[in-house]
Each structure stands twice: as structure tokens, then as C-alpha cells.
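This report refers to the structure that appears directly beneath it.
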Amino acid sequence: LDQAAALERRMRTLGRGWEPSLRLCVNELVGLGALFALVREFQDAGHPTRLRIDTGVLGGPWEALLAQRADLAICEVPPAPPSDIAHAPLWNVGFVFAVSPDHPLARAPQPVKPAEIRRHRVVVAADSAVSMPARSSGVANARDVLTVGSLAAKFEAQLAGLGVGFLPAALAAPALADGRLVALRVASPKPRVALSMAWRAAAPGPALRWFTERLGALQPA
């Protein structure tokens, strides 16, 4: 009976214009902890829209929005986005250059020069975009590169001493605090990355409006 009543409430609310589903694609630079708190708030309010949350690296979330595989993306927005895409700035993500304490580079004089970094294997997370030109981020022109499919895998690879590279400061913070990683000063730091929320501007539904209104106050985890 409870399930039947819940279904009846859901159908009544959907009849008032709430979307049956909402798809979000989030850049992996954003920790999902704070976003999941927002999801809980949405669900506790009894909104009927079903949510799907995917993640992507570099151009992946933007591509998902353009290809209509996502209704809302947290992503890097290019300088001249299409006119039918609305967007608003969210956060700037900072980075640290991190290595395992057992890695030879941990004993190098600081600030570490790019030429010294390029003598060692660099770990990179592959761009998850498939139809746009692949992008890279971090140490350029490295001689030896280990490519992984996610930022989580990149983090684990650097913990294991398999290579070096830049990590989002929030992701690296616990491992830096307990000594599993060491932050090095480098001569060429990685610039902060500006993330925005982006969505199709035409007639957003109530669920999409709910998320866009609240994301601006959300602190990334």
C-alpha cells in the first residue's frame, strides 16, 4: 500500500511538469560527496524526478551535454559556447604536484624544473570525450606516460609510486596529511581550472531549475 501511494504521488507530481528523469555529468575534479548531499536534499523533498549521475574527465562532461547524453553538466565551458547552451561559473579547482615519498623525485631540489619532471614517468587521466579532439592536462612532453581512465585511478597510481603528476588539491589532501603522498614545489605549477554548470537554455524543467539554483551555493568536496 505504501508503494502504491508513493507511485500515485509520483504520477501526480510528474503531471505537474516535473521531468521523469534528469541526467547529470560531472567533471571528476569535483568530489561527489557534496553533490550527493544535494541529491539527498532533492530526494528528501519528495521530488519525483529520477536522477542519473555520470562522471567524466576533461572534455567528457561538455561532450555529454552537447550530445544530449546529459541535461546538466559540471564542466569546463569553452570560450565561445553554442547560443542554445546556458552556463554559469561555479568553482576554480587548484592542484598540487604529488609524488610517493619513496619516489626518486621526492628528493629532488625544489622548485622542481620541468626538465627534471620529464625524466620520470608521468601519470595522466585520459580525456573521456570520444567525438572531440582529445585533450591532455598536466606535464607536457613527458618521455614516459602511464595513461589511466579516471582521476581515481591516477591517484592510486601515484600512491603506488608508478609515476608523478598534478592532482586536485582536495583529492590529494588526505594522502598528503598522512604522508602517503608528498607535495613538491614546481617551477611550472598547473593553473587553476574554472568549472561551470551548463545546460540547454530552452524551457528547463523544475528539477533542472532546482539543481541550477542550488549548485551555486554548493562547496565542492
- Query: Using a 1.4 Å probe on the protein chains only, how many percent of the accessible area of segment 158-221 belongs to carbon and sulfur?
  - Reply: 61 percent
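So for segment 66-221: antiparallel DSSP bridges make up what percent, rounded to the nearest 5? Provide the component values of the computation, followed by the final result.
Details: 19 of 25 bridges.
Bridges in segment 66-221 that DSSP calls antiparallel: roughly 75 percent.
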- Item | Globularity index of the chain, i.e. its alpha-carbon radius of gyration over 2.2 N^0.38 Å | 1.19
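In debye, nearest 20, what is the charge dipole magnitude of the chain about its Cα centre with +1 on Lys and Arg Cβ and -1 on Asp and Glu Cβ, if you could check? Numbers along the way, then the final one.
Values: 24 positive and 18 negative charges, 67 e Å.
Its charge dipole is roughly 320 debye.
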- Note on the structure: Any residue on another chain or 5+ positions along whose placed amide H is under 5 Å from the amide H of VAL186 is listed here as VAL112
- Note on the structure: Expressed as a whole-number percentage, the relative contact order of the chain with C-alpha contacts under 8 angstrom and at least six residues apart is 30 percent
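Relative to the present Cα-Cα distance, how much length would full extension add between ALA160 and ALA34 at 0.36 nm per residue of separation? Walk me through the numbers before you get to the answer.
Numbers: separation 126, 0.36 × 126 = 45.36 nm, distance 2.72 nm.
Length difference between fully extended and current span is 42.6 nm.
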- Task: Just name one of ALA170, SER136, GLN110: the one whose Cα is farthest towards the positive end of the charge dipole of segment 79-179 (beta-carbon charges, Lys/Arg +1, Asp/Glu -1).
- Result: GLN110
- Query: At a Förster radius of 41 Å, what calculated FRET efficiency corresponds to the Cβ-Cβ distance of ASP178 and VAL130, to the nearest 0.05?
  - Reply: 0.65
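So, with +1 on the Cβ of K and R and -1 on the Cβ of D and E, and no other charges, what is the size of the charge dipole of segment 176-221 about its Cα centre, to the nearest 20 debye?
Details: 7 positive and 2 negative charges, 27 e Å.
It works out to roughly 140 debye.
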- Task: Collect residues whose amide H, placed 1.01 Å from N in the peptide plane, falls under 5 Å from the amide H of VAL77; neighbours closer than 5 in sequence don't count.
- Result: SER196
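Find how much the distance from GLU41 to SER21 grows on full extension, using 0.36 nm per residue of separation minus their present alpha carbon separation; answer in nm with one decimal. Present the calculation step by step, with values, prior to reporting the outcome.
Values: separation 20, 0.36 × 20 = 7.20 nm, distance 1.64 nm.
Extra length from GLU41 to SER21 when fully extended: 5.6 nm.
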- Item | Within a Gaussian network of the chain (alpha carbon springs, distance under 10 Å), most fluctuating of PHE166, PHE36, PHE155 | PHE36
- Considering only protein heavy atoms, what per residue accessible area in square angstrom results for the chain with a 1.4 angstrom probe? 53 Å²
- Degrees between helix 2-15 axis and first principal axis of the chain (Cα, 0 to 90, nearest 10): 90 degrees
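Per 0.36 nm of contour for each residue apart, how much would the distance between ARG69 and SER83 grow if the chain were fully extended, relative to their Cα-Cα spacing? Kindly include the intermediate steps, with their values, before the conclusion.
Numbers: separation 14, 0.36 × 14 = 5.04 nm, distance 1.83 nm.
Full-extension gain reported as 3.2 nm.
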- Message: Using only Cα atoms and rounding to the nearest 10 degrees, what angle (0 to 90) does helix 32-44 make with the longest principal axis of the chain?
- Response: 10 degrees
- With springs only between Cα atoms under 10 Å, which of SER196, SER137, SER100 fluctuates most in a Gaussian network model of the chain? SER137
- Query: Karplus couplings for segment 203-209 from phi (6.51 cos²θ - 1.76 cosθ + 1.60, θ = phi - 60°), rounded to Hz, Gly and Pro as x?
  - Reply: 6, x, x, x, 5, 4, 5
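The values are calculated or read from the model by the stated rules, or taken from the named source; none is laboratory data. Note that this is a predicted model, so its numbers are computed, not measured. Glycine gets a Cβ as well: all are built from the backbone with ideal geometry, and neighbour counts include every protein chain shown. Heads up: the accessible areas ignore ligands, DNA and RNA and are worked out on the full protein's heavy atoms, side chains in. Shrake-Rupley method; radii C 1.70, N 1.55, O 1.52, S 1.80 Å.
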